[in-house]
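S.K.: Below is a structure I'd like to ask you about.
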Amino acid sequence: MMNFCPQCGIILYGHPQVCPLCQCVTEEMEEPAYEEAKALFGENAPYPDVYARQKLLRFWLKLILFVFVVAEVIMVLINYYTSVSYPWSLITGFSLLYTYMFLLYWINHDSGFAAKVGLQMLITMVFLFEIDNWTGFRGWSLQWAIPGIILLGDGLVFFLMMLNRSRWQSYMLLLLLMEICSLAIIALYFTGKIAGVVLPMICTLVTGFYFFGTILFGGGTAGRELSRRFHI
């Protein structure tokens, strides 16, 4: 049998309880309508079998979660029997949890790429800083790891801009965020919190020139995007 969306007017194979387009509750087709649709469309659905894809996706997420849990239990046992004095298995546990939440967020949220990339970068920066803090705070997160994430973000933003040139202006706020993070690290250097500032300086220059270039070549479009974002 097939289900039918009364709001969109589409036929859905796989018996989904809600329509994937409008989230309206579906209805099961009556026998005459089912036979008519089957005669018209045959065994090929006029709309993709989203339900089967969702089932497969849920299966893989459960499998990944199972593997992560087993891996973390093994890490805890190894940590306990080899080096009880230092709980490094907590770091692996948080890393696996972060990776799984990262997958869930990208799969289940419909926000744009700029918002997803920006949020994941911020979470990753905080995560790396906390690992550095837990291990005695040697400053490697601020001197190398976080600036490396920012440079990676610059490259990713450039790739996404070239991939979808009609939406390049949506990444301007992300560039501004990365520039602020780079300047904040440099400010920590001048207050004596970290010893090195080479890579943060490179990040500041690369991101700054990148942001300046988008404004320069974007013209009125870039100005309107900034006005829209900051309500000025």
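S.K.: Contact list please: Cβ distance under 7 Å, first residue in the stretch 12-28 and among the aromatic types (Phe, Trp, Tyr), second residue at pLDDT below 70 and assigned to a loop (DSSP other than H, G, I, E, B), pairs at least six apart or on different chains.
M.R.: Final answer for the pair search is TYR13/MET2; TYR13/ALA45; TYR13/ASP49.
S.K.: Could you tell me which residue of the stretch 41-61 is modelled with the highest pLDDT, considering only residues that are open to solvent by less than 90 Å² (accessible area, probe 1.4 Å) and of a type in the set (A, V, I, L, M)?
M.R.: By that ranking, first place goes to LEU61.
S.K.: Collect the residues in the stretch 118-166 that are buried (at least 16 other Cβ atoms within 10 Å of the Cβ) and charged (D, E, K, R), keeping them in residue-number order.
M.R.: ASP132, ASP154
S.K.: Which numbered condition trips up VAL198, out of (1) within 29 Å of LEU96 (Cα to Cα); (2) open to solvent by 90 Å² or more (accessible area, probe 1.4 Å); (3) of a type in the set (A, V, I, L, M)?
M.R.: The one condition VAL198 does not meet is (1).
S.K.: Being open to solvent by 80 Å² or more (accessible area, probe 1.4 Å) and over 28 Å from LEU163 (Cα atoms) narrows it down to one of ILE64, ILE74, so name that one.
M.R.: ILE74
S.K.: Residues of the stretch 77-101 being in a loop (DSSP other than H, G, I, E, B) and open to solvent by less than 50 Å² (accessible area, probe 1.4 Å), which ones?
M.R.: The answer is SER83, and nothing else.
S.K.: For the stretch 175-194, state whether one or more residues are open to solvent by 80 Å² or more (accessible area, probe 1.4 Å), within 27 Å of SER95 (Cβ to Cβ), out of contact with any Lys or Arg (no Cβ under 6 Å at 6 or more places or on another chain) and free of Cβ contacts under 8 Å to residues at least 60 places away in the same chain.
M.R.: Taking every residue of the stretch 175-194 in turn, at least one turns out to be open to solvent by 80 Å² or more (accessible area, probe 1.4 Å), within 27 Å of SER95 (Cβ to Cβ), out of contact with any Lys or Arg (no Cβ under 6 Å at 6 or more places or on another chain) and free of Cβ contacts under 8 Å to residues at least 60 places away in the same chain.
S.K.: Against the condition open to solvent by less than 70 Å² (accessible area, probe 1.4 Å) and at pLDDT below 80, how does ILE107 come out, does it pass?
M.R.: yes
The values are calculated or read from the model by the stated rules, or taken from the named source; none is laboratory data. No experiment lies behind these values; they were computed from the predicted model shown. We place every Cβ from the backbone using ideal geometry, glycine too, and count neighbours over all the protein chains shown. Ligands, DNA and RNA are excluded from the accessible area calculation, which covers all protein heavy atoms including side chains. Shrake-Rupley method; radii C 1.70, N 1.55, O 1.52, S 1.80 Å.
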